[in-house]
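Trainee: Mind looking over this structure? Questions follow.
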There are 2 protein chains.
Amino acid sequence: MKLAIGIDFGTESGRALLVDVATGRELASAVHTYANGVIDERLPAPDEDIRLEPDWALQDPLDYLRTLQGAVPAVLARAGADPADVVGIGIDFTACTMLPTTADGTPLCAIREFRREPHAWVKLWKHHAAQPQADRINALARERRESWLPRYGGKISSEWFFSKTLQILEESPAIYHAADRLIEAADWVVWRLTGVETRNSCTAGYKALWSKADGFPPSDYFGGLDPRLASVIDDKLSRTVTPIGSGAGLLTAEAAEWTGLVPGTPVAVANVDAHVSVPASGVVGPGRMVAVMGTSTCHLVLGSRPAMVEGMCGVVEDGILPGQFGFEAGQSAVGDIFAWFIEHAVPPADHAAAAAAGLDVHGFLEREAASLRPGESGLLALDWWNGNRSILVDADLSGLLLGATLATRAPAIYRALIEATAFGTRLIVDAFEDAGVAVDEVVACGGLPERNPLLMQIYADVTGREFKVAASAQTPALGSAMFGAVAAGAAAGGHDSIAEATAAMARIKDESYRPNPAHRPVYDELYGEYRRLHDLFGRGENDVMKRLRTIRERAIRDGSGAAPGERAGVGGSSIE
Amino acid sequence: MKLAIGIDFGTESGRALLVDVATGRELASAVHTYANGVIDERLPAPDEDIRLEPDWALQDPLDYLRTLQGAVPAVLARAGADPADVVGIGIDFTACTMLPTTADGTPLCAIREFRREPHAWVKLWKHHAAQPQADRINALARERRESWLPRYGGKISSEWFFSKTLQILEESPAIYHAADRLIEAADWVVWRLTGVETRNSCTAGYKALWSKADGFPPSDYFGGLDPRLASVIDDKLSRTVTPIGSGAGLLTAEAAEWTGLVPGTPVAVANVDAHVSVPASGVVGPGRMVAVMGTSTCHLVLGSRPAMVEGMCGVVEDGILPGQFGFEAGQSAVGDIFAWFIEHAVPPADHAAAAAAGLDVHGFLEREAASLRPGESGLLALDWWNGNRSILVDADLSGLLLGATLATRAPAIYRALIEATAFGTRLIVDAFEDAGVAVDEVVACGGLPERNPLLMQIYADVTGREFKVAASAQTPALGSAMFGAVAAGAAAGGHDSIAEATAAMARIKDESYRPNPAHRPVYDELYGEYRRLHDLFGRGENDVMKRLRTIRERAIRDGSGAAPGERAGVGGSSIE
């Protein structure tokens, strides 16, 4: 039996998965929780006296190596597998998660002289302190009508590579200067495994403004942001970008010792967690959208030619699969909205009824909401509790619930929130189709589909698309293992292409959710209402959400609490 | 010491209050809970096999007499008062609460032959089953451009006198035929007390389309609704309407026996609970609005000349005080919204925190909400959980909450709901002022002001008006006692006018709520946003609320539960 290992580096932990290359059967998995986790208040010991500003989020790169040292030997041991049977390794990562290193790949934070400088550490994807830099990057790109900007829905995020890079340069020029390389953590781990620096086309395309046709933005654009940045690509990155699906190199003796694998085992080019889920969900060509549904949702579609889709996160050639254009869109809160609702807006009576029924609150609300017909709640929501990623690309938008009466109960609101996220998905599907990118059906993966049949049925009913569900509960690690098998090639017991690997190793569940014809007309009607509200509040006709945010920020800035006479709740000095 | 008794007939109980005529001091009060309460499912024993349709709400008139027999002797006993010192009696009632009787005032439901017929019973104010009749009354009035219609904001309610009357005629012609009189319960109780049928100008004006200048609508209008209704005024009512502030008659021997009072004690013309609160709040002239704030809010203003105020409930000469025009407006849900929120949308953590702080949930949320500055919640709501009474007069509107994020917590929503009701009040104040009816300050009474200082402060800040609070916790009963004192007259130890009674007997609290100048600008801004949403969703620009209601009604009509494949919450037959 030939095996492949996929390693999925997440936000709090890394997971290794050992897979049968011939069938995709998952033989063993192991999770390694990062010792230093998300570093967002102070640096780890012995430097815990260094406090971080709000919106910072760092990681310790040694936690990634410890994952290799812990989780990989664990899966081999659990499965009783012979390391010689492992034909290839692949990894995927959160992104953009990046760090500064020396020319040999040593992280600056691992060097005594730099370790007390926060900018020497890994900047995690959710490090949001580079918003001012992102704002300037966007402003200059708009001003210069940079041709790459439309590929990213007209706006890049504070999370992306050059936002973080510019923040390092501006706030810690010494670190910027000391960094021979600025690199995605995904590529850094592959470098540690193979001894060879490789830059993958997925993170380069989706996070670092690279495209296969045009390369990186021009030097004079970077120079316009800061003269010291003009040569950033040649100084700190690389113009050589390797497509997804390639081999990055062979396992070094040192890395073989860490992992218990055989030196020389092929290692795939690194990938991003959401994107590597596409082949793991059985999708290798156009027409089928993969929806990675969890706290937020990421929508991935393949196309044979570029297209400008309104409000997408990016379109990247070789970004998801080699030789194809990968489109990414997203909803910035999905599971997060339901979790918010359950924690902050469901009354004790429903908690008690759930317990009495032997259900968790999610399960109870789902059961109750399932007894309502489409439209029966009388409610309509806009799913903008965390802004809108696609298609409006506007973080300043906020949530709306309309239609409440004295008879409205929690399960009806729960259903309306599910429906709102489904309408948001339909808008994205429509945007793709309007741009000529087909979405005939959807394969869902991630944490939500498994546990929420009502949600899946509503998504099918609202979008008019069949929703299938990936069989694996850990599609990123499975996808990485598949890329590991491709790095090995068929001659070495792997596969020669990701399409072949997908055919052999990826499965979707037998059950699927088909649109219920009886529900389609009423959801068409409600979707029309959703769209009207979406355009009204999202496209500038009534900017009340933005104005409320401005008023709110002013209220917070102008004082840290209530005005005199209010805090006591008894009128205080304003009563007389 | 000369005394007066006021009796306030509410929805679930009646309250008697014994008051010192010289000072307004409240000596004793007693509550009698109606044995048959609100009859909304089945008739009382022995006729409990008769079930009522939804939206029905009846009462038993004998419960009113039992209130006279129970509560009045109780207050005399509690105060150790000499019945001979009681110089007058006044009563107030919910309205429109009406019943059919024989020519001598015997309720038809008290006659064996009729008692199993629901239409023979008292129709309580919140009997809402006459909506089809109200719709036809409104349609014909609009078609004929009836001159009385604008006095009622262009629309009358299913609760009003002729909606209920027409329902009796259409659904039970035998009862309509057997009824020699159709009469407000308020006037019926005064009839029982005095032996004389008297119709008060308040209910006649606000509920039965009467005006001092024009009388009732013409016979051909009634005939247009139904030929049998053409002579309803002369057949079943009376064209003699007695102004508020008059005496209705003297206590009969029988009623003296019920109450323990002296036969011949003067009895005032009946009144309505909200309206009688105006003099009890110290208001006897223009410029000061009385806000009766409880589950809903009723706004009452006096004026020296008629005016057409958008969306008011009615303008009636002699409707509140003799010789003045009484204007009434209303918000259909206020305390009800807060109660809904606390029961159905506050999570267990806040309930627990309230208990830990030794507060009820209202008190806890108020304390937490008070620590937020105006605008800090980032939220804006439309207070239409029970439709909109003034100024849109539209029961089909519904609630809206806008601005929610993942960081939104219950106290912020609570504050936004309070603010929404305050904005609704400001719109009403503005509508009065726009029509030339001055509202310089507000006197609040009812259940809410006493317990909710934050709410009162927000109302002052939002409206820019000083809010004072009536001293009495039972303004309706106090107002009725004041009218009882006026029925007696100064020569008999009472007062010669309601103005004199008010000067002597009504008080407001020393504390008041003045607008906080620091809060005015931000509330002006938020009010502007509220108004835009109000007009957008309330004036036809986007009728999504009405369409959601239509969709909802269709969903309920078309099936009693979920479609196949949903109820089980596991996809059922739509999964394959």
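Trainee: Please figure out what share of the DSSP beta bridges in chain A is antiparallel and state it in percent, rounded to the nearest 5. Present the calculation step by step, with values, prior to reporting the outcome.
Mentor: Details: 50 of 72 bridges.
Here the antiparallel bridges make up roughly 70 percent for chain A.
Trainee: Let me confirm one metric for peptide B:453-459, namely the mean number of other chain beta-carbon atoms within 10 Å of its residues' beta-carbons.
Mentor: Values: counts 9, 7, 0, 2, 9, 1, 0.
Partner-chain Cβ atoms within 10 Å, mean over residues of B:453-459: 4.
Trainee: Restricting the calculation to Cα positions, tell me the Rg (one decimal) and the Dmax (whole number) of region A:6-73 in Å.
Mentor: Radius of gyration, then largest Cα-Cα span, for region A:6-73: 15.3, 52 Å.
Trainee: How well do other chains shield peptide B:527-538, expressed as the mean number of their Cβ atoms within 10 Å of each residue Cβ?
Mentor: Mean number of neighbouring Cβ atoms from other chains: 2.
Trainee: Convex hull over the alpha-carbon atoms of region B:144-242: what's its volume per residue in Å³?
Mentor: Cα-based convex hull of region B:144-242, divided per residue, equals 100 Å³.
Trainee: Got a sec? How would A:Lys126, A:Lys207 order by Cβ neighbour count within 10 Å, fewest to most?
Mentor: So the ranking, lowest neighbour count to highest, is A:Lys126, A:Lys207.
Trainee: Taking every DSSP beta bridge that has both residues in the protein assembly as shown, what percent is antiparallel when rounded to the nearest 5?
Mentor: Details: 107 of 150 bridges.
About 70 percent, rounded to the nearest 5.
Trainee: How big is the dipole moment of region B:121-255 about its Cα centre under a simple scheme where the beta carbon of each Lys and Arg is +1, that of each Asp and Glu is -1, and everything else is neutral? Debye, nearest 20, please.
Mentor: Dipole of region B:121-255, to the nearest 20 debye: 380 debye.
Trainee: With a/c under 1.5 counting as rounded, go ahead and sort region A:392-501 into rounded, prolate or oblate using the C-alpha gyration tensor (a ≥ b ≥ c being the square roots of the eigenvalues; past the cut-off, prolate if a/b is larger than b/c, else oblate).
Mentor: Prolate is the answer for region A:392-501, as a/c is 1.5 or above and a/b outweighs b/c.
Trainee: A follow-up question, please. To one decimal in nm, how far is A:Ser497 from the same spot in the other copies, if labels go 7 Å from Cα toward Cβ? Please give the shortest first.
Mentor: So the label point of A:Ser497 gives 10.0 nm to the other copies.
Trainee: Grab the other residues whose beta carbon is less than 13 angstrom from that of B:Trp340, score K and R as +1, D and E as -1, and report the net. Don't jump to the answer; show the numbers that get you there.
Mentor: On the way: positive: A:Arg409; negative: B:Asp336, B:Glu343, B:Asp383.
Local charge sum for B:Trp340: -2.
Trainee: Could you tell me the extents of the protein assembly as shown's C-alpha atoms along the three principal axes, largest first, rounded to whole Å?
Mentor: The principal-axis extents, from largest down, are 114, 60, 51 Å.
Trainee: Region A:70-213: percent of C-alpha pairs farther apart than 18 Å?
Mentor: Working: 6417 of 10296 pairs.
When all Cα pairs of region A:70-213 are counted, 62 percent exceed 18 Å.
Trainee: Modelled label-to-label distance, B:Ala356 and B:Ala253, 7 Å Cα→beta-carbon offset: nm?
Mentor: Between B:Ala356 and B:Ala253, the simple spin-label model gives 7.0 nm.
Trainee: Once the principal axes of the Cα atoms of region B:452-562 are found, what is the range along each, listed largest first in whole angstroms?
Mentor: The Cα atoms of region B:452-562 stretch 68, 45, 25 Å along their principal axes.
Trainee: First check a/c for region A:158-212, with a ≥ b ≥ c the square roots of the eigenvalues of its C-alpha gyration tensor; if it is under 1.5, answer rounded, and if not, answer prolate when a/b is larger than b/c or oblate otherwise.
Mentor: oblate
Trainee: Across every pair of different alpha-carbon atoms, what Kirkwood hydrodynamic radius in Å does chain B reach?
Mentor: One decimal place: 24.9 Å for the Kirkwood radius.
Trainee: Another question, then. Quickly estimate the mean residue ellipticity at 222 nm for the protein assembly as shown, helices only: each DSSP H run with n ≥ 4 gives -39500 (n - 2.57), and the total goes over all residues, rounded to 500.
Mentor: -11500 deg cm²/dmol
Trainee: What does the charge count near B:Ala134 come to, summing +1 for each Lys or Arg and -1 for each Asp or Glu among other residues with Cβ under 11 Å from its Cβ?
Mentor: So the environment of B:Ala134 carries a net charge of +1.
Trainee: Continuing with this model, one more query. Along its three principal axes, how long is region B:290-380 when you only count alpha carbons? Whole Å, largest extent first please.
Mentor: 54, 25, 20
Trainee: Tell me the net charge near A:Ala357. Cut-off is 13 Å between Cβ atoms, A:Ala357 excluded, with +1 for each Lys or Arg and -1 for each Asp or Glu.
Mentor: Here the charged neighbours net out to -3.
Trainee: Another question about this same structure. Using a/c under 1.5 as the rounded threshold, could you call region B:190-322 rounded, prolate or oblate? The axes a ≥ b ≥ c are square roots of the C-alpha gyration tensor eigenvalues, and prolate needs a/b larger than b/c, oblate otherwise.
Mentor: Numbers: a/c = 2.15, a/b = 1.08, b/c = 1.99.
Since a/c reaches 1.5 but b/c is at least a/b, the shape of region B:190-322 is classed as oblate.
Trainee: Here is a follow-up. Lysine pairs, Cα distance under 18 Å, 8 or more residues apart or cross-chain: how many in chain A?
Mentor: Close lysine pairs found across chain A: 13.
Trainee: Could you state the number of Å between the C-alpha centres of region A:248-263 and region A:265-280?
Mentor: After rounding, the separation between the Cα centres reads 18 Å.
Trainee: For B:Pro150, which inter-copy label distances result when the label point lies 7 Å beyond Cα on the Cα-to-Cβ vector, reported in nm to one decimal and in ascending order?
Mentor: Nearest to farthest, the other copies are at 5.8 nm.
Trainee: Could you work out how far the C-alpha centroid of region A:67-132 sits from that of region B:10-64, in angstrom?
Mentor: A separation of 74 Å, based on Cα centres.
Trainee: Over the whole of A:365-374, what's the average partner chain Cβ count within 10 Å per residue? Rounded to a whole number, please.
Mentor: 5
Computed from the coordinates by the stated procedures, all read-outs in this text should not be read as laboratory data. Remember, it's a predicted structure, so these values are computed and weren't measured experimentally. No Cβ is skipped: glycine too gets one built from the backbone with ideal geometry, and neighbour counts run over all protein chains shown.
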